[in-house]
1. Got a number for residues in region B:1-47 being of a type in the set (Val, Ile, Thr) and either in a loop (DSSP other than H, G, I, E, B) or more than 27 Å from A:Tyr79 (Cα to Cα) (or both)?
2. Select from region B:115-129 the residues that are surrounded by 17 or more Cβ atoms within 10 Å (Cβ to Cβ) and either of a type in the set (Phe, Trp, Tyr) or touching a Phe, Trp or Tyr at 6+ places or on another chain (Cβ under 8 Å) (or both) and list them in ascending order.
3. On the given criteria, is A:Ile188 of a type outside the set (S, T, N, Q), in a helix (DSSP H, G or I), under 16 Å from the mean Cα position of the chain (by Cα) and farther than 23 Å from A:Asp101 by Cβ?
4. Can you name the number of the only condition in (1) modelled with pLDDT of 90 or more; (2) more than 14 Å from chain A (Cβ to nearest Cβ); (3) in a loop (DSSP other than H, G, I, E, B) that B:Ile112 fails?
5. Name the single residue, out of those in region B:200-225 being crowded, with 23+ Cβ neighbours inside 10 Å and within 14 Å of chain A (Cβ to nearest Cβ), that is nearest to B:Asp190 (Cα to Cα).
6. How many of the residues in region A:12-35 are buried (at least 18 other Cβ atoms within 10 Å of the Cβ), under 12 Å from A:Ala60 (Cα atoms) and among the hydrophobic types (A, V, I, L, M, F, W, C)?
7. Of the residues A:Lys133, A:Lys162, A:Lys155, A:Lys111, which single one is of a type outside the set (A, V, I, L, M, F, W, C), over 13 Å from the mean Cα position of the chain (by Cα) and either assigned by TED's automatic domain parsing to the domain that holds A:Tyr207 or not in a loop (DSSP other than H, G, I, E, B) (or both)?
8. Being at pLDDT 90 or above, within 14 Å of chain A (Cβ to nearest Cβ) and in a loop (DSSP other than H, G, I, E, B) is true for just one of B:Pro168, B:Pro81. Which residue is that?
Amino acid sequence: MSKQVVENYARVIYLYYTMNNKVVDITDYPDYIAEEIDLGFSVPFIKKMKRDGYLAYDEAFVVTEKGKKLLEESDEAIYFFTLNSPYIKVEEFYETEGTFDERAIKLFTKKLEEFRTKKKYVEVESMHIELAKLDKENALYHYLANLCYAISGIKEYSFIRKFRNKKITRKELVEKYKDCVYVNPQVILGIEEHKDEFTDDMVDLVYDTEKLGYTLCSRERFLELVREIMAGEYNNASWQEVITDIFMKRMKFKVPSEKKIEKEDLGEKEKEESQIIGEDETQDTVSDAKQEEIAENESKKQA
Amino acid sequence: MINDNIAIQVKNVTKVYKLFKKDSERLKYKMFHSKKVKFTEKRALDNVSFDIHKGEAVALLGKNGAGKSTLLKMITGVAYPTFGTVRVNGNVSALLELTTGFDPEITGRENIYLKGGILGIDDAKIKELEPEIVEFAELGDYIDQPVKKYSSGMKARLGFAVNINLKPDVLIVDEALSVGDKVFRMKCKDKIASMIEKGVTFLFVTHSQSEAILFCKRGIVMRNGHMVFDGPIKEAAKYYQNMTTGKPAIISKEVTSYE
């Protein structure tokens with residue numbers, strides 16, 4: 001991207017800030033603006049803007065008529081600045097076509113794919129929230145997708161590998177999973193707001209699209225979770241206990257206390273779904289013991 | 001999607017601290033980025049995002065270590081995120097660590113100018129505000145004595161008086177309402193309430209649910225660096241209560257909005 005375009009963007013956001021804040025001293029301009037544009041030390045740039053006639057000083061910095069005209073012609077830059085996503089560069093935004101919202105949606109969707117491929121699940125969750133705000137038609141899908149990652153325990157999966165490689169103790173691993181369920185309040189609110197759009201088959205849509213390599217939450221349980229959220233009854237502590245217990249059972253660790261299990265025990269369907277699919281580089285297969293257990297259950301069912 | 005009405009915007013903020021076993025290892029790492037130096041990472045904040053609009057009064061609740069103070073440091077510019085951005089529109093006055101930032105050798109009155117200068121207020125403006133600040137601090141003749149003669153309570157009162165009377169756009173209070181005697185505390189609360197009424201954006205970190213409900217309409221609850229609740233203040237207080245005690249919250253009938 002040309003230096004001139006970047007400088008123009010920088011000029012616009014300094015003017016935008018000046019229009020909306022009282023700037024008495026040149027050092028009153030916040031650092032985040034300079035960081036936004038990799039400007040480094042911003043004072044020379046602001047002084048140049050004054051020399052070029054975009055800013056004037058009268059007890060405080062003011063935007064001149066020339067500066068106001070530039071702002072009027074720079075909706076694109078202002079939109080991008082107020083979008084304020086650390087995941088998208090201004091160059092990418094300028095080079096994408098469509099309305100401003102369409103461009104943002106395209107870029108966040110592209111980033112979502114990248115993060116999914118790279119297994120960066122915190123970022124995947126963030127992209128779903130960004131898309132939920134912009135893509136009203138598919139907002140509920142994105143909130144549900146965020147939720148399925150949040151409840152899955154997939155972000156902590158790397159600790160399971162560390163445990164298997166004897167780099168952390170069992171206690172350290174269990175501590176991670178005792179505190180792995182954090183559902184963004186925006187997601188709770190979003191699901192409640194869009195509950196009239198929900199149908200049960202959206203669960204399959206989310207699971208089939210997101211294709212999590214590891215999850216502690218079966219589709220049935222996820223449906224139960226979504227219904228609780230829509231009823232305004234979501235309880236994070238309660239779901240943390242459920243997920244911890246499922247994790248402990250899957251790892252064949254001793255469950256702390258039977259009385260804490262308020263939800264029903266793992267059903268047959270969940271036992272099948274709880275097979276660890278794993279990540280590409282460490283393809284976990286179902287253990288021999290687990291296979292025997294499943295085979296035994298199958299034969300009991302048939303009997 | 002242009003919103004000029006946002007006073008504080010926290011977007012995808014993560015703060016990671018590296019914890020070393022010894023200072024010498026920290027130094028080695030900082031100077032040489034040695035891969036042999038072992039450290040653990042502590043996520044003080046983990047992908048936190050929220051907006052506070054101009055004129056909103058928001059309480060930030062959470063146990064010690066939840067990330068509240070780290071978040072405040074980002075908002076006041078004392079620290080920077082490892083990832084993400086924090087944007088603040090307007091001048092900020094923060095009531096935190098009230099007893100620090102004074103020059104002990106100069107008088108309380110002179111320290112008003114020193115603190116005001118640090119906060120970016122010019123001397124002429126401070127001169128206008130000085131009578132109000134001096135009266136508010138209730139230090140009597142001590143205002144013209146060196147600060148080294150002050151008790152910690154007196155320093156806190158002076159610090160409070162300076163910060164609260166600087167006519168900020170954003171007022172941040174971090175557990176600072178227990179300063180002084182009961183009458184002074186009431187005066188501080190009245191002052192804060194009147195500032196909120198005049199449209200100052202207010203961010204209040206507190207363990208006191210009743211004070212949170214008194215001043216704020218919205219509550220954000222933090223736990224282990226994550227934001228776990230964001231909504232009406234009474235619901236936030238109940239959520240926090242459940243989180244800390246496991247028991248349902250009992251909100252006193254006497255506690256209502258300050259309005």
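The values are calculated or read from the model by the stated rules, or taken from the named source; none is laboratory data. Since we're looking at a predicted model, the values are computed, not measured. Don't worry about glycine lacking a Cβ; one is built from the backbone with ideal geometry, like all the others, and counts go over all protein chains shown.
1. 4
2. Within region B:115-129, B:Lys115, B:Ile126 qualify.
3. Considered against the rule, which asks whether it is of a type outside the set (S, T, N, Q), in a helix (DSSP H, G or I), under 16 Å from the mean Cα position of the chain (by Cα) and farther than 23 Å from A:Asp101 by Cβ, A:Ile188 comes out as yes.
4. (3)
5. So, considering only residues that are crowded, with 23+ Cβ neighbours inside 10 Å and within 14 Å of chain A (Cβ to nearest Cβ), the one nearest to B:Asp190 (Cα to Cα) is B:Thr201.
6. The total comes to 1.
7. So the residue among A:Lys133, A:Lys162, A:Lys155, A:Lys111 that is of a type outside the set (A, V, I, L, M, F, W, C), over 13 Å from the mean Cα position of the chain (by Cα) and either assigned by TED's automatic domain parsing to the domain that holds A:Tyr207 or not in a loop (DSSP other than H, G, I, E, B) (or both) is A:Lys162.
8. So the residue among B:Pro168, B:Pro81 that is at pLDDT 90 or above, within 14 Å of chain A (Cβ to nearest Cβ) and in a loop (DSSP other than H, G, I, E, B) is B:Pro81.
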